[in-house]
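Only one structure is covered here, and it is reproduced in the block below.
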Amino acid sequence: MTHFYSLSSLVYLESLMANKKEPRHRYNSKERDMMAKRTSKTITDPKEVNFLLNITEEEGQKLSFIMDNFCPFKGKPPRFNPYDIFIVPAGAYGPEGKKNKQQFTTTVGRWVYNKVFIEQDLFDLFHYVNETLNKKMFNKINVIMSHALIEDKITLDVLKKYVLKTQKFQPYCNVLCPSITEEVMMIPSQIKKKKAELFKKYEKELKENDPVTSQKIEKELLAEASKYMKDDDFMDLVNSGARLSWGNNFKNTFVFRGAVKESDPAKGGYTIIKSNFADGMSPEDYTDFANSLTGGPYARAKKTEVGGAWEKMFVRAFQHLRVLPEGTDCGTKKHLTITLTEDNIGDWMYSYVIEGNNLVEITSDNMDKYIGKTVKLRYSGLCESKEGICSKCAGHLFNRIGLNEVGLASYQICSVIKNISMKAFHDGTVKVTNIEKKYGLNKIFGTK
């Protein structure tokens, strides 16, 4: 399945719609006093509504449009907030002959997104996206477009145009939602007292480098930080899910590094680093911190080596595998019984469901009816053809995209595993789980 990850910075445009909160600002004190009065508003001025209704795809992509309408300048508030609300009258949106027949309420951020990205080329696929534009929603849009491309509902040129527009919008996040504000920089001092109390309370456990205790302290301090930051613009970036991990990037930078794996394999275990990047590493933590930096590069180098070797082995072992022409059927009675959910149905797209004497392909048009159902599926590993994998067992995806020599693409399995393992390079956070509490030993081991 095709996926693309050029995340439009319009993720930042509209994440405040639900709470309509009063965001703080991050410039000088005069601007801050003015911006403190800035709240989500309902736009009713006919001139302002008319301006929004007449935004074109070309105009909405310009940096000048973003700067003029969403950026505070010289102490003046922006013309619009992305979470401001207005009513779109009937007949104002959509291609000719497909205009909306009824009025509807939306936000300025959603309106700009739909005018720039959806109305001209993707109307038939999405009509109007009137949901919060966060990472989850953008991923959903990307998956829908992937299916549409495979099923010939959109052309490659349409997809290319969409991706180029998202890339063009990425720098605009510096205007719409900065990653650093004054409040963020003040976090270490704001939680200093709470941090000292917790370190004293768990002094014994921290000396023993207990990762469970470290995680407990992290959660309390992050909760304290979130209370202080709840009305700050910075949280739009966090809540959007577009960038910055609250439990990794934010924690390490403004709270404390926490538990890290012991760099010496012979020693094993963990060490607790109490410092954070904003305050700087203390002399006591410096050595452990420096040693912790070896984990990421080592994982990246070693996993690249091992993963690359496995990729070559897979191709050598499976290069003979091929999918037979469209319509071929080995006639096997073997199948897998799978309960399809919203989380896993993407893995089974274009596979064939056994319904009586018929085989039904799962596509974007019928996938919803299978969610929540347990079905019988034809599966490539159960194919009985002697010449290759028949198209009914392989599923229709390979024939759709013209990939018949599937064995030559088998290296991608190892490549995905390698990339997952290399995440240690980006996230060195130690996570612990209470197995008994979450899963129960009876469930795991079948004991009473």
Practice item. Give the stretch 54-107 a look and list any residue that's under 28 Å from residue 167 (Cβ atoms), modelled with pLDDT of 95 or more and among the aliphatic types (A, V, I, L, M), or say none. Key: 55, 88
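So, restricting to helices (runs of 4 or more DSSP H) that lie completely within the stretch 315-419, which ones have at least 1 residues that are free of Cβ contacts under 8 Å to residues at least 40 places away in the same chain? Can you show your working first?
Details: elements: 367-370, 391-394, 397-401.
By residue number, 367-370.
I'd like to know if the stretch 308-315 contains one or more residues that are within 27 Å of residue 405 (Cβ to Cβ), basic (Lys, Arg) and outside the structural domain of residue 140 (by TED's automatic domain parsing). Walk me through how you get there before you give the answer.
From the stretch 308-315, those within 27 Å of residue 405 (Cβ to Cβ) are 308-315; that's our starting set.
Checking the rest, the ones that are also basic (Lys, Arg) come to 312.
Pick out the ones that are also outside the structural domain of residue 140 (by TED's automatic domain parsing) and you get 312.
Yes.
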Check your understanding: How about the stretch 275-310: which of its residues are modelled with pLDDT of 85 or more and over 22 Å from residue 218 (Cβ atoms)?
Key -> 283, 309, 310
**Study point:** Pick from the stretch 249-268, criterion without any contact (Cβ under 8 Å) to a residue 60 or more places away in the chain and closer than 13 Å to residue 211 by Cβ, ranking: surrounded by the fewest Cβ atoms within 10 Å (Cβ to Cβ)
**Key:** 268
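Name the residue, out of 353, 375, 306, that is closer than 30 Å to residue 261 by Cβ and β-branched (Val, Ile, Thr).
Values: 353 fails: closer than 30 Å to residue 261 by Cβ; 375 fails: closer than 30 Å to residue 261 by Cβ.
Only one candidate qualifies: 306.
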Exercise for review: Kindly indicate whether residue 200 is in a helix (DSSP H, G or I) and in contact (Cβ under 8 Å) with a residue 12 or more places away in the chain.
Suggested key: no
Review point. Given (1) assigned to a helix (DSSP H, G or I); (2) modelled with pLDDT under 80; (3) exposed (fewer than 14 other Cβ atoms within 10 Å of the Cβ), where does residue 47 come up short, assuming only one miss?
Key: (2)
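Conditions (1) in a loop (DSSP other than H, G, I, E, B); (2) of a type outside the set (Ser, Thr, Tyr); (3) assigned by TED's automatic domain parsing to the domain that holds residue 237; (4) touching a residue at least 40 places away in the same chain (Cβ under 8 Å), marked per residue:
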site: 100; (1), (2), (3), (4): yes, yes, no, no
site: 109; (1), (2), (3), (4): no, yes, no, yes
site: 128; (1), (2), (3), (4): yes, no, no, no
site: 136; (1), (2), (3), (4): no, yes, no, yes
Revision key, fill the gap. Considering the stretch 360-379, residues that are over 13 Å from residue 338 (Cα atoms) and surrounded by fewer than 16 Cβ atoms within 10 Å (Cβ to Cβ), and then whichever is farthest from the chain's Cα centre (by Cα), we arrive at 360
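Is it true that residue 80 is more than 30 Å from residue 399 (Cβ to Cβ) and either surrounded by 15 or more Cβ atoms within 10 Å (Cβ to Cβ) or among the aliphatic types (A, V, I, L, M) (or both)?
Details: more than 30 Å from residue 399 (Cβ to Cβ): yes; either surrounded by 15 or more Cβ atoms within 10 Å (Cβ to Cβ) or among the aliphatic types (A, V, I, L, M) (or both): yes.
Yes: the conditions hold for residue 80.
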Check your understanding: Restricting attention to the stretch 202-248, which residues are of a type outside the set (S, T, N, Q), buried (at least 17 other Cβ atoms within 10 Å of the Cβ) and more than 28 Å from residue 270 (Cα to Cα)?
Key -> 229, 232, 233, 234, 235, 236, 237, 238, 241, 242
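Based on what the data block shows, is residue 298 under 27 Å from the mean Cα position of the chain (by Cα), free of Cβ contacts under 8 Å to residues at least 40 places away in the same chain and surrounded by 11 or more Cβ atoms within 10 Å (Cβ to Cβ)? So that I can check it myself, show each step before the final result.
Numbers: under 27 Å from the mean Cα position of the chain (by Cα): yes; free of Cβ contacts under 8 Å to residues at least 40 places away in the same chain: yes; surrounded by 11 or more Cβ atoms within 10 Å (Cβ to Cβ): yes.
In short, yes.
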Review point. Right, residue 338: buried (at least 18 other Cβ atoms within 10 Å of the Cβ), touching a Leu at 6+ places or on another chain (Cβ under 7 Å) and of a type outside the set (S, T, N, Q) or not?
Key: yes
Exercise for review: Taking the residues in the stretch 365-416 that are of a type in the set (D, E, K, R) and touching a Lys or Arg at 6+ places or on another chain (Cβ under 6 Å) as candidates, determine which candidate is modelled with the lowest pLDDT.
Suggested key: 405
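The values are calculated or read from the model by the stated rules, or taken from the named source; none is laboratory data. Remember, it's a predicted structure, so these values are computed and weren't measured experimentally. Using ideal geometry, Cβ is built from the backbone for each residue, glycine included, and neighbour counts are taken over all protein chains shown.
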